[in-house]
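**Q** Below are the C-alpha cells for one structure; questions will follow.
Where a number appears in this text, it was derived from the coordinates with a stated rule and is not lab data. Remember, predicted model here, so these are calculated numbers, not experimental data. Here the Cβ is made from the backbone with ideal geometry for all residues, glycine too, and neighbour counts use every protein chain on show.
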Amino acid sequence: MNIMEYKLGIDWSHNKGLEVYDGKNVLTYTKKNLLKYISDIMGNGESNVPIKSMVEIQPLPKPNLVTVYIEQGCPLYLQYDIWKCGVNIVLIDSHNVSEYRRINDIDKTDSNDAKVIYLIGISNNGYKQDKVNYQLLELHGLYHQFRLYQKARLMIGNVKLGHTKSYGRFDDDTYDKCTELLQQKEHVLIKGLEKRVRIIKQIPNIKGLGRNLWIGIVITANPIYFPCLSAYLRYCGLVNLQSLRGATAKGKTFRKYNRHANQLYRLLADSIVVWKDPIFRPIYDKCKLDMQIKYEGQRKFRINKAALNRVATFLAKAIYYAIIPQQQGQSYNRICLLECN
C-alpha cells in the first residue's frame with residue numbers, strides 16, 4: 001500500500017468556520033466536516049470519528065499520514081477531536097504568524113492566515129514550532145467523557161422530576177438505576193484522572209470549590225502550562241481588551257479564550273457567594289458596592305454579573321499563585337504537577 005503524506009494549515013475561530021489550506025486551495029469547514037475530510041484523506045472511508053476506550057485513549061494507526069499545522073491557543077476540544085483521527089498536530093506560535101504577515105506584506109484575513117500557518121509549518125526558517133502535549137489531550141478526553149456522564153445524570157434527574165410532576169409517584173426504579181450506573185462511570189473516570197494528575201487530590205481551601213469544579217480547572221486551565229499570570233487570565237477570558245497592549249476596543253473581552261475555563265471560574269464565583277467563603281465573599285460584597293456606583297440605575301442582574309466577573313478574576317489569580325508560587329529574585333517555579341504512572 002502506498003502511503004501518502006498530507007499537510008494542512010488550519011486557522012481556527014470560535015464563531016466562524018475553520019479555514020483549511022492544503023497547499024493548493026483554501027476551503028471553509030465546520031468541525032464536523034473537517035473531521036470527515038481528514039477521515040477521508042487518511043483512507044479509512046468513515047464519516048464518524050471512532051469511539052475510543054473509556055480509560056485508554058490512543059490514536060489508531062492509519063494508512064496515510066496527515067500533519068496538521070494550527071495556531072497556538074487552539075481550544076483543547078478541537079485539538080482532541082483532530083488527534084483522535086490519528087493525525088500529527090504541530091502548534092505554530094501566533095507571534096510568528098503576525099511577523100510573517102508583516103515581513104511579506106500580507107493582509108490579515110482568515111484565508112491568508114491559513115496559508116501563512118501552512119507555510120511556516122513546512123518551512124525550516126527558524127520559526128518556533130511546538131509539539132502538542134498528548135498527555136494533556138488524553139486528560140482532556142477523560143474529562144470530556146466525565147462531563148458527558150455528568151450531564152446525562154443531571155438530565156435524567158430533571159426528566160424524573162418532570163415525570164413525577166405530571167404523573168405523580170411511581171414504583172418503577174428505572175431512573176434510579178440509570179443514575180446509579182452513571183455515577184459509577186463518573187467514579188471510574190475520576191479515579192483515572194486522579195491517578196494521572198495527583199494535584200486533583202490537593203483542593204485549595206476555598207469554601208465552595210468542590211471536586212468537580214477543581215477537576216475542570218486543573219484539566220482545562222492548569223497554570224503550569226502558562227508562562228505568566230497575564231497569559232493565564234487571557235486564556236480564561238478574564239482580561240479586557242483595554243488592558244492589552246495596543247488595544248482600541250475599550251471594555252470588550254478578549255475574543256480568543258477558552259469558553260469552558262471562563263464558565264468554570266464564573267461558576268466558582270457564584271459558588272463562593274452561596275457558601276460564603278470567609279475570604280472571597282467580602283470581596284464580592286465590596287465589588288458589588290463598587291458596581292452599584294458604576295452602574296447606577298441599571299438592573300440588579302447587571303450589577304451582580306459585573307461583581308461576579310471581578311471576583312472570578314481574583315479567584316483565577318489565587319489559584320494561579322496557589323499552584324505556581326512566586327519566589328523572590330527568581331522566575332516562577334514551574335513545578336511539574338503532572339505525574340503519570
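**Q** Across segment 257-268, in residue order, what do the Karplus-derived ³J(HN,Hα) couplings come to in whole Hz, using 6.51 cos²θ - 1.76 cosθ + 1.60 with θ = phi - 60° and x for Gly and Pro?
**A** Couplings: 9, 7, 5, 6, 4, 4, 5, 4, 6, 5, 5, 5 Hz.
**Q** Show me 24-35, 216-227 ranked by packing, highest mean number of other Cβ atoms within 10 Å first. List each step's numbers first, then the result.
**A** Details: 24-35: 14.3, 216-227: 20.2.
In descending order of packing, they fall as 216-227, 24-35.
**Q** Quick one: which of 155-164, 310-319 comes out on top by average Cβ neighbours within 10 Å, and what's the full order, highest first?
**A** By packing density, highest mean first, the sequence is 310-319, 155-164.
**Q** For a quick check of your reading of the filter: which trypsin sites (Lys or Arg not before Pro) in segment 174-210 sit in a DSSP loop and have no more than 15 other Cβ atoms within 10 Å?
**A** Details: sites: Lys177, Lys185, Lys191, Lys195, Arg196, Arg198, Lys201, Lys207; in loops: Lys207.
Qualifying residues, ordered by number: Lys207.
**Q** How many lysine pairs in segment 159-225, separated by 8 or more positions in sequence or lying on different chains, have Cα atoms less than 22 Å apart?
**A** 8
**Q** Here's a follow-up. Which distance in Å, rounded to a whole number, links the C-alpha centroids of segment 68-92 and segment 301-317?
**A** With segment 68-92 and segment 301-317 each reduced to a Cα centre, they are spaced 32 Å.
**Q** How charged is the neighbourhood of Asp11? Take every other residue with its Cβ under 10 Å from the Cβ of Asp11, and add Lys/Arg as +1 and Asp/Glu as -1.
**A** Counting the neighbours of Asp11, the net charge comes to -2.
**Q** What is the order of Glu19, Glu5, fewest Cβ neighbours within 10 Å to most? Walk me through the numbers on the way to the answer.
**A** On the way: Glu19 22, Glu5 9.
Neighbour counts put them in this order, fewest first: Glu5, Glu19.
**Q** Treat each spin label as a single point 7 Å out from the Cα along the C-beta direction, and report the Asn158 to His187 distance in nm.
**A** Output for this residue pair reads 2.6 nm.
**Q** Using Cβ counts within 10 Å as a stand-in for footprinting exposure, how do Tyr175, Tyr235 rank, fewest first?
**A** Tyr175, Tyr235
**Q** Can you grab the distance from the C-alpha centre of segment 172-216 to the C-alpha centre of segment 144-158, Å, no decimals?
**A** One Cα centre to the other: 12 Å.
**Q** Rank the residues Trp275, Trp83 as a footprinting-exposure proxy: fewest other Cβ atoms within 10 Å of their Cβ go first.
**A** Trp275, Trp83
**Q** Next question. Reachable lysines from Lys131, Cα under 19 Å, same-chain residues fewer than 8 places away excluded?
**A** Straight-distance partners of Lys131: Lys7, Lys84.
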